[in-house]
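The values are calculated or read from the model by the stated rules, or taken from the named source; none is laboratory data. Owing to the predicted nature of the structure, the values given are computational and were not obtained by experimental measurement. As a convention, Cβ positions derive from the backbone with ideal geometry for all residues, glycine included, and neighbour counts pool all protein chains shown. All accessible areas refer to the heavy atoms of the entire protein, side chains included, with ligands and DNA or RNA removed. Shrake-Rupley method; radii C 1.70, N 1.55, O 1.52, S 1.80 Å.
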Amino acid sequence: QVQVVESGGGLVQAGGSLRLSCSASGRIFSINAMGWYRQPPGKQRELVAAITTGGSISYLDSVKGRFAISRDSAKYTVYLQMNNLKPEDTAVYYCYVPWAENVTWGQGTQVTVSS
């Protein structure tokens, strides 16, 4: 099994910044990628950013240029730096770790951006 612990999130004004972190443990050598999904109120969950073990990175179009995903490979920790936050970024953010044939999800952390 792979377990994850998330931290970060909170309330920020538009234009502000937040950083999320997610640390994985357990069968870490089975991990294929790490990333973040989000679920805005009343909407479906969407992939925000992900980084593979090979270093390939992908972003949701609406966050390109504002969010940056990075990792500390030694600690199996991934970070999501979110800058210039907008009210539409308000959502519950979930750490996402596909490993072997499975996926581990974080418990979710609330990000609220006020206008």
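Residues in segment 83-115 that are closer than 17 Å to Arg45 by Cβ, touching an Asp or Glu at 6+ places or on another chain (Cβ under 7 Å) and open to solvent by less than 60 Å² (accessible area, probe 1.4 Å): Cys95, Gly106, Thr109, Val111. Just one residue in the set Val92, Val113 is in contact (Cβ under 8 Å) with a residue 12 or more places away in the chain, in contact with a Lys or Arg (Cβ under 9 Å, 6 or more places away or on another chain), part of a strand (DSSP E or B) and over 21 Å from Gln3 (Cβ atoms); that residue is Val113.
Suppose the filter is touching a strand residue (DSSP E or B) at 6+ places or on another chain (Cβ under 8 Å), within 24 Å of Val12 (Cβ to Cβ) and part of a loop (DSSP other than H, G, I, E, B); does Gln107 pass it? Considered against the rule, which asks whether it is touching a strand residue (DSSP E or B) at 6+ places or on another chain (Cβ under 8 Å), within 24 Å of Val12 (Cβ to Cβ) and part of a loop (DSSP other than H, G, I, E, B), Gln107 comes out as yes. Name the single residue, out of those in segment 39-63 being hydroxyl-bearing (Ser, Thr, Tyr) and in a loop (DSSP other than H, G, I, E, B), that is surrounded by the fewest Cβ atoms within 10 Å (Cβ to Cβ). Here the answer is Ser56.
Yes/no per residue for (1) in contact (Cβ under 8 Å) with a residue 40 or more places away in the chain; (2) in contact with a Cys (Cβ under 8 Å, 6 or more places away or on another chain):
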site	(1), (2)
Glu6	yes, yes
Ile31	yes, no
Gly65	no, no
Asp72	no, no
Met82	yes, no
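Of the residues making up segment 24-38, just one is open to solvent by less than 20 Å² (accessible area, probe 1.4 Å) and among the charged types (D, E, K, R), namely Arg38. The sole residue among Arg45, Arg19 that is of a type in the set (D, E, K, R), more than 25 Å from Ala100 (Cβ to Cβ) and in contact (Cβ under 8 Å) with a residue 12 or more places away in the chain is Arg19. Taken together, the criteria place Val78 among residues that are closer than 13 Å to Gly8 by Cβ, open to solvent by less than 60 Å² (accessible area, probe 1.4 Å), in contact with a Lys or Arg (Cβ under 6 Å, 6 or more places away or on another chain) and not in a loop (DSSP other than H, G, I, E, B). All conditions but one from (1) over 15 Å from Gln110 (Cα atoms); (2) within 15 Å of the chain's Cα centre (by Cα); (3) open to solvent by 20 Å² or more (accessible area, probe 1.4 Å); (4) modelled with pLDDT of 95 or more apply to Asp72; the one that does not is (4). Against the definition (in contact with a strand residue (DSSP E or B) (Cβ under 9 Å, 6 or more places away or on another chain), closer than 13 Å to Asp89 by Cβ and open to solvent by 20 Å² or more (accessible area, probe 1.4 Å)), how does Ala14 come out, yes or no? Against the criterion (in contact with a strand residue (DSSP E or B) (Cβ under 9 Å, 6 or more places away or on another chain), closer than 13 Å to Asp89 by Cβ and open to solvent by 20 Å² or more (accessible area, probe 1.4 Å)), Ala14 qualifies.
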